[in-house]
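Coordinate-derived values only; no laboratory data. Predicted model, so just to flag it, every value in this text is computed and none were measured. Don't worry about glycine lacking a Cβ; one is built from the backbone with ideal geometry, like all the others, and counts go over all protein chains shown.
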Ligand code: HEC
Ligand code: HEC
Ligand code: HEC
Ligand code: HEC
Ligand code: HEC
Ligand code: HEC
């Protein structure tokens, strides 16, 4: 009996070994996948590349997809949402092929030539420069073919986690999508565990029946052994098995972790929150129509962690003269007379446990206000444009290349990175996804 038990024990090891290999290889792939995966080209996008091409050559589309992934996804999705540049869904419908080719080759030349569309899109994206690409016309046509085929697929298949204000649902998606890379592996782990469990049960049953048959052939059985043989399969014994208990325990833990990750990613989302302010101050009027610089009022935004809300004195630089008679402006006067600050309602509010630094992003990183806050200069009332979830922060860190040009500090790091990894040198490559960077 004892030796039989031992054999059964060794057979247990087999599925565990399998589990170990599958899980470890899954985690080894994680960072690689998330870099390309979250930038808008989810695995689903491959389907339209192969199928929905509307007659276009599949090889051409695939070639275009590769070029797009390697050169464009850090700034563009093939959906409708803005990453750094506009979402490129259906761009072939709003621009001619000749225009697109000129634009991608050298957008600044096209802008300088005074092309109306080029100037308009350049201004719309707050004059950010898109890099030039020395592609052949054929390569460019393949990229366009890819965008065309991806546009034909349903939107939610390929759109990147949205940072747009459209629809409160976007917030929820961001939560789960962005950590999708983690959540996805947790799900995978779950499936693997279930499969292993089934394999285990089957193995046990086979072993049991083999043992029974073996014992039946023997003649000199003791009473206990005889009893064992005659007992029917007892399910209570299965529960008593240590291995089964461990695995069931693991599954419970994994499910709990999965649920709590989803919860964490959804904490405190208030995308679209646009409270009424005590004075009808309009960013559209000031930052848009009158083109007052953001840091004329938010003076600390390039210098320190937080962006300040301007004091009434800053308003008075102009409003001691302008629109004095307006009832809204009178409110500013009253605040100053009473020596009471204007009680602006706070729109953005990260929980205390998260640390965010404006100057790190605006000055060092060169990220535009609008990338995170949306087109503030068009807003009568400021609303929270981005979800401000952890997933949102991390997603951008995974997809945004670090601005290393002319910065000697990065030269060696970039070289080292290129040796070790194929992916772009992004914020995450420099530890931008380490917990301690954002949590005290
Ligand atoms: C570093 C970021 C960045 C990269 C990389 C980038 N773009 Fe852009 N792209 C932009 C920005 C920003 C705009 C908006 C216009 C502007 O501000 O110049 C834009 C605009 C465009 C437009 C015009 C969209 C419209 O609505 O008219 C097209 C087309 C485009 N990009 C295609 C591409 C392709 C194809 C690639 C890859 C080969 C690419 N871009 C790579 C940032 C980028
Ligand atoms: C003339 C002064 C002025 C200018 C210029 C200005 N702002 Fe503001 N901003 C304010 C005031 C006052 C508030 C608080 C009232 C409100 O939320 O509308 C504010 C609020 C904000 C908020 C919300 C703060 C919160 O409570 O979370 C953001 C984000 C913001 N501004 C961004 C910008 C950006 C980006 C620009 C440039 C495109 C800009 N502002 C230009 C005065 C200004
Ligand atoms: C650099 C100049 C400047 C600063 C600073 C400035 N404003 Fe203004 N503001 C203007 C101009 C210009 C107008 C438009 C006047 C017009 O329509 O004739 C305006 C209009 C307004 C109006 C609309 C008044 C009405 O009844 O039409 C309000 C309200 C207002 N500002 C509030 C503020 C507040 C609050 C601040 C400080 C946070 C501020 N402004 C700072 C230039 C400024
Ligand atoms: C639109 C893209 C974007 C978003 C969104 C974003 N970041 Fe960043 N972040 C950057 C870039 C780019 C840098 C690199 C700046 C530099 O060159 O050092 C950076 C750097 C950082 C760093 C310093 C990392 C280091 O290695 O020293 C911290 C901390 C950080 N971000 C926190 C946050 C937090 C917290 C949020 C969300 C509330 C957030 N970021 C959202 C683009 C982004
Ligand atoms: C990388 C994303 C990002 C960029 C770029 C960015 N902000 Fe913010 N901004 C945030 C986040 C996140 C908060 C909330 C911070 C908090 O609650 O601690 C915020 C809050 C603010 C606030 C409210 C006051 C505060 O500091 O909490 C103002 C005003 C503001 N931003 C203005 C600006 C202006 C102006 C620019 C451009 C010069 C800008 N932001 C660029 C992410 C960004
Ligand atoms: C790039 C910045 C960033 C990094 C890196 C980061 N976090 Fe966060 N984290 C945040 C922000 C921002 C929030 C607040 C999100 C919200 O309110 O929805 C947050 C929220 C959380 C919460 C939720 C707390 C609550 O309110 O219930 C937990 C837990 C957490 N993070 C753990 C981690 C762990 C563990 C890591 C490392 C694996 C990590 N974070 C890495 C930015 C970051």
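Annotations
- Radius of gyration, Dmax [region 283-438; alpha carbons; angstrom]: 19.7, 66
- Each of 404, 433 was scored by other Cβ atoms within 10 Å of its Cβ. Arranged with the fewest first, they read 404, 433.
- FRET efficiency for the pair residue 112 and residue 430, taken as 1/(1 + (r/R0)^6) with r the Cβ-Cβ distance and R0 = 35 Å, rounds to 0.55.
- Extension gain for the segment residue 344 to residue 257, taken as residue separation times 0.36 nm less the Cα-Cα distance, is 27.4 nm to one decimal.
- Residue order, fewest to most beta carbons within 10 Å, for 104, 309, 143: 309, 104, 143
- In this label model, residue 337 and residue 201 are separated by 8.0 nm, measuring between points 7 Å along each Cα→Cβ vector.
- Label-point gap, in nm, between residue 218 and residue 304 - each point 7 angstrom along Cα→Cβ: 8.2 nm
- Relative to one another, the C-alpha centroids of region 414-440 and region 133-152 are positioned 30 Å apart.
- By the count of other C-beta atoms within 10 Å, a proxy for reagent exposure, 117, 395 are ordered fewest to most as 117, 395.
- Descending by average beta-carbon neighbour count within 10 Å, the peptides 120-131, 358-369 line up as 358-369, 120-131, the highest first.
- Cα-based convex hull, region 346-440, per residue volume (Å³, whole number): 116 Å³
- Cα-based shape type of region 276-330, given that a ≥ b ≥ c are square roots of the gyration tensor eigenvalues and the cut on a/c is 1.5: prolate
- Here the simple spin-label model places points 7 Å from the Cα toward Cβ, and for residue 208 and residue 437 these points are separated by 5.2 nm.
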